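Novice: Before we start, here is the structure in question, set down as C-alpha cells.
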Amino acid sequence: MMALQFVFGSAGSGKSTFLYDMMGKEAAEHRDKQYFILVPDQFTLETQKTLVDKSGGSGILNIDVLSFHRLAFRVFEQLPAKERTILEDMGKTMLLRKVFSEQKDRLTYFKKGIDKPGFLDECKSFLCELEQYGICSEEQFGKLSELGCKFDDIRLIYECFKEKMGDVYMMAEELIVQLTDIVHEMEGIRGSVICLDGFTGFTPTQYGLIERLLALCEDLYVTVATDSTGKRRHIFQISEETVRTLTRMANRIPVEVRPPVMTGRGEEKRPYRFSEGGELAFLEKNLFCYPAGVWPEPTEELGLYIGKKPQDEAAYVARSIWWLTAKKGYGFEDIAVIAGDMTAYEQVLSREFSKMGIRYFLDAKKNIGANWIAEMIQAVLEMYLTNMDYESTFRFLRCGLSPLTRDEADLFENYVLAAGKRGFSAYEKEWEHEIAKISLEEVNAMRAKVCDCLRELFTELGGGKKTVAQFTKALYGFLVRQDVYHNMLAQSEVFARSGEDMLAKEYESVYAVVVALLDEMVELMGDEVVSIEEYRKILAAGISEGLVGFIPPQPDQVVVGDIHRTRLKDVKVLFFVGFSDDMIPGGMQAPGIVNSRERKKIEQMGIALAPSGTKKAANDLFYLYLIFTKPSERLFFTYSESSGDSKGRQESYVLTKIRKIFPKIKIETD
C-alpha cells in the first residue's frame, strides 16, 4: 500500500536522525528493495558520510543519497538518448545577448534597455524563474500578456531563447521537468522507499516530480521543520504550505497519508541538539515569538561583538576560533561562519584566517569581471573598435598583463597625452616629436613593444563581419602569444606570498574559466556571423556571468558562507558576522524586470512565481531561524558600526529582538 508520511519537529529535534536510523534498519532487512534519500545538493556528501558512520563504516548498498539534480543525471545515464547539455549562466547570458541583438526591432518595452548595466542578468534570472516555476504554456503566457507590452516582449525573448537552445541544450532549471517525464523508466524506482530531507520548500516543478515519485514508490517520507510553540505560524508559512500541497497531492493520486511522526525530547518534543534548559534551547523556543520569554542571567553560550569596521569583526572571529581550537578542544570542522553579505566579508575573513593559520573553506564564487585577464580582453577589443583612443589604450596598458610595466605605462601616458597620439597607424610609425624630460628613445621602445603585442590580433580582427569562431580563434591566439596563463600563475604566487589567499586562488583558476567561456561561445554560436562590436557585447555578457570557485571542502576546515547559498549540517559553534540593519534579514533588493506590483497581479491570476513581499520577508526570517539553531554549543553575533566605505550602520532589528530575550548577553568591543 503506497503511503505518504511526514516527520515533524522543531530545529534540532532529531528528524534526520530518526529517518536515517529507520532507513538503515529497513534497508538492512530488505536487501532486495531500493531506498533513496533525496537532499539539497550541498548535503549529499555529508549525508552519505552520516549513513556510513551509522552502519559501522560498511555502508548499505541499497541506499542511494541523491539531490534532485543528481537523480536526473542518474536517469540520463540510464537513458542517454534523452540527455541534453546543460547551459550554464555564462552561456545563457551570451545567448540572451545574441537574441536581443537579433530581435531589437521587434521589441517594444525593452527596445532601449538592452545595454543598461545588469539588464541581461535580470532578464536571465526571470527566464530561469519561468522554467523553475513551470510557466511555459500558451494559456499562461496569454494571461501574462494582459499585463501589457512588457510581457509580450518577455514572451518573444523566451521563445527565441528556447529556439536558440534547440534540442541540444537546456537550462538546469529544465532538468526537473525533463526528469518528471522519464523518471518512471529509472531502474529500481518502482516500489522503492523515498525520503525527502533537509528541504525548506519546493517549487511547482519539484512538486510535479514528487507527485510522480509518490505514484511510483511504496513509501515517501518528508521531514518538515515545525513550530513546537504554536506562536510562530507567520514564520513557518513555508512548512505549512509544503504539508498542505503534498497532502492534496496524495489525496489526488490517491495514496494513504499516515499520521505524522513527532520528533523531540519528552512530551514537549524539545530539541535534542541543545543542552537541556540551556541558552540555545531557550533561543529556539522564543525567537520570533510574541510575547517572548526573557533569559535573566548573563550568557555563556551566546555572545555579541561590536567593531568599528568589518576588518575588526574578521579579526575578532579569527582570534576566537584560534582560542576555541587551541584552548577548548574544538576542531575546525566544529565551527562555521555565516556572513550577512559575503562580498563585504570574504576578503577580510580570508586575510585574518590566513594570518592565524586557520584552515577554511569559502563557500562562494567570485565574478571574474574585475580580474586582470577580463580587463585585458575587454580593453583590447575596445582599443580595436575605437582605433586606440586614450581611455581604451591605457585601460589595456594598466590591466597588469600588457607589455609595459606600471612605471613605463605612466611615462608612456605622459608622452601620448602631450603629443596627442591616437590610432594604430600612428603607433606603427617612429615618433619624432620631442617632449621635455621624456626620452624619445625610451618612448619609441615602448611604442614598438605595444605594436608588436597588438599587430597580429588587429590584423585578424579586421575585414568586417566574421563568424564567432573566427573572432574567438584570433582572441585565444592573442592570449597564448602574450603567455597570459603563466603570467596569471606568477601573480597568483605574488598574492600567496603576501597572504592574499583568496586572490591567489582566483588568479590561479581564472584562466581556465575564460578558456571555458571562449569554448562555450564557439559551441553555442560558432557559425553565426557577427560584427566585431556585436562579438564584444556577447563576450562582455559572458564575462559578466563568469564565476571562479575556490578549493572544494576538505576535512577539518571552518566553513565560511552566506545565508542564501550555504547549507550547514550540524556544527558546534557558529559565528554570524555582519548582523547589521542593512544586511539582515535581507537588504532591499532591486525588483528585477518584473516589479512587486506586477508579481502580485500574476499571483492573483493563479500563476505561481518566487515569493515576494510579505511572503518573502516571512521566509527570510524562517531561514534565519534555521541558521541560528544550527550550532549545538555556542553562537556569536558580530556587526560593525561602519561599513568598508565608512557609511554608518546599526544593529539589525532581529538582533534587537535577541537582545530583549537575552538582556545580559555578553558584549565585547575593541
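The values are calculated or read from the model by the stated rules, or taken from the named source; none is laboratory data. As the structure is a prediction and not an experimental result, all values here were calculated from the model. Neighbour counts run over all protein chains shown; Cβ positions are idealised from the backbone, glycine included. Just the protein is used for accessible areas: all its heavy atoms, side chains included, with ligands, DNA and RNA removed. Shrake-Rupley method; radii C 1.70, N 1.55, O 1.52, S 1.80 Å.
Novice: What number comes out for accessible area per residue over the chain if the probe is 1.4 Å? Units Å², please.
Specialist: Dividing the accessible area of the chain by its residue count gives 45 Å².
Novice: Check Tyr305: other-chain or 5+ apart residues with amide H under 5 Å from its amide H, H built from backbone geometry?
Specialist: Phe637, Thr638, Tyr639, Glu668
Novice: Let me ask something else about it. Would you be so kind as to identify which of Leu411, Ile665, Gly578 lies farthest towards the positive end of the dipole of the chain, taking Lys and Arg as +1 and Asp and Glu as -1 on Cβ and the Cα centre as origin?
Specialist: It is Ile665, whose Cα lies furthest towards the positive end.
Novice: Moving on to the next point. How large is the accessible surface of Thr247 in square angstrom, using a 1.4 angstrom probe and rounding to the nearest 10?
Specialist: 40 Å²
Novice: Further question on the same structure: If the only charges are +1 at each Lys and Arg Cβ and -1 at each Asp and Glu Cβ, what is the size of the charge dipole of the chain around the Cα centre, to the nearest 20 debye?
Specialist: 1720 debye
Novice: If you work out Rg/Rh (Cα atoms, Kirkwood Rh) from the coordinates, which of (i) 0.98; (ii) 1.05; (iii) 1.00 do you get?
Specialist: Here the calculated entry is (iii).
Novice: Right, here's the next one. Quick query: amide H of Val559 versus all other amide H atoms, modeled in the peptide plane; which residues come in under 5 Å with a sequence gap of 5 or more or a different chain?
Specialist: Ile335, Val337, Phe361
Novice: Using protein chains only and a probe of 1.4 angstrom, how many square angstrom of His234 are accessible, to the nearest 10?
Specialist: In the full protein context, His234 sits at about 90 Å².
Novice: Also, quick follow-up: Can you give the three extents of the C-alpha atoms in the range 493-559 along their principal axes, from longest to shortest, in whole Å?
Specialist: The Cα atoms of the range 493-559 stretch 50, 25, 15 Å along their principal axes.
Novice: Next question. May I ask what percent, to the nearest 5, of DSSP beta bridges between residues of the chain are antiparallel?
Specialist: Counting DSSP beta bridges with both partners in the chain, the antiparallel share is about 15 percent.
Novice: Across the range 372-383, in residue order, what do the Karplus-derived ³J(HN,Hα) couplings come to in whole Hz, using 6.51 cos²θ - 1.76 cosθ + 1.60 with θ = phi - 60° and x for Gly and Pro?
Specialist: Computed from phi, the couplings for the range 372-383 are 3, 5, 5, 4, 4, 4, 5, 5, 5, 5, 5, 4 Hz.
Novice: Quick one: 3J(HN,Hα) in Hz for the range 275-291, Karplus 6.51/-1.76/1.60 with θ = phi - 60°, rounded, Gly and Pro as x.
Specialist: My calculation for the range 275-291 gives 5, 4, x, x, 5, 5, 5, 5, 5, 4, 6, 10, 4, 6, 8, 9, x Hz in order.
Novice: Further question on the same structure: Which ³J(HN,Hα) values, rounded to whole Hz and listed in residue order, are derived for the range 348-358 from phi using the Karplus coefficients 6.51, -1.76 and 1.60 in 6.51 cos²θ - 1.76 cosθ + 1.60 with θ = phi - 60°, glycine and proline given as x?
Specialist: 5, 5, 4, 5, 5, 5, 5, 4, 8, x, 8
Novice: Per q in 0.14, 0.15, 0.17, 0.24 1/Å, what log10 I(q)/I(0) does a Debye calculation on the alpha-carbon atoms of the range 68-146 return?
Specialist: Here the Debye-derived log intensity ratios amount to -0.66, -0.74, -0.89, -1.23.
Novice: Could you please state how large a percent of the accessible area of the chain is carbon and sulfur, counting protein chains only and using a 1.4 Å probe?
Specialist: Carbon and sulfur: 50 percent of the exposed surface of the chain.
Novice: Give the separation of the Cα centroids, the range 158-212 to the range 116-136, in Å.
Specialist: About 18 Å separates the Cα centre of the range 158-212 from the one of the range 116-136.
Novice: Among Ile358, Ala172, Val243, whose Cα sits farthest toward the positive end of the charge dipole of the chain (+1 at Cβ of Lys/Arg, -1 at Cβ of Asp/Glu, about the Cα centre)?
Specialist: With unit charges placed on the Cβ atoms, the residue in question is Val243.
Novice: Quick one: dipole size for the range 5-97, taken about the Cα centre, charges +1 on Lys/Arg Cβ and -1 on Asp/Glu Cβ, in debye to the nearest 20.
Specialist: Once rounded to the nearest 20, the dipole reads 220 debye.
Novice: Let's see if you can work this out: charge +1 on each Lys and Arg Cβ, -1 on each Asp and Glu Cβ, no other charges. What is the dipole magnitude of the range 188-306 about its Cα centre, in debye to the nearest 20?
Specialist: I would put it at about 560 debye.
Novice: Would you be so kind as to identify which of Gly91, Ser101, Phe151 lies farthest towards the positive end of the dipole of the range 67-219, taking Lys and Arg as +1 and Asp and Glu as -1 on Cβ and the Cα centre as origin?
Specialist: Sorting the options by dipole projection puts first Ser101.
Novice: In addition: Over 22 Å between C-alpha atoms is what I'm after, so list which of Lys366/Lys473; Lys98/Lys124; Lys615/Lys666; Lys92/Lys164; Lys328/Lys355; Lys111/Lys473 land there.
Specialist: Lys366/Lys473; Lys615/Lys666; Lys111/Lys473
Novice: At 222 nm, what value in deg cm²/dmol follows for the chain if DSSP H runs of at least 4 each add -39500 (n - 2.57) and the sum is divided by all its residues, to the nearest 500?
Specialist: Dividing the helical sum by the residues of the chain leaves -16000 deg cm²/dmol.
Novice: Something else about it: Along the Cα-to-C-beta direction of Asp32, a point sits 7 Å from the Cα; which residues of the range 1-19 have their amide N less than 20 Å from that point?
Specialist: Of the residues in the range 1-19, 1-2 have backbone N under 20 Å from the label point off Asp32.
Novice: Would you grab the residues whose amide H sits under 5 Å from the one on Val257? Only those 5+ places off in sequence or on another chain, please, with H modelled 1.01 Å from N.
Specialist: Close amide H contacts, sequence-distant or interchain: Leu4.
Novice: Let me check something: with ligands and nucleic acids excluded, how do Phe199, Phe236 order by accessible area (1.4 Å probe), largest to smallest?
Specialist: Phe199, Phe236
Novice: Can you pull the accessible area of Tyr485 for me, 1.4 Å probe, Å² to the nearest 10?
Specialist: 100 Å²
Novice: Here's another thing I want to ask about it. Can you give me the Cα centroid spacing of the range 344-367 and the range 447-481 in angstrom?
Specialist: 38 Å
Novice: Shape of the range 127-280 from its Cα gyration tensor (a ≥ b ≥ c, root eigenvalues): rounded if a/c is under 1.5, otherwise prolate when a/b > b/c, or oblate?
Specialist: prolate
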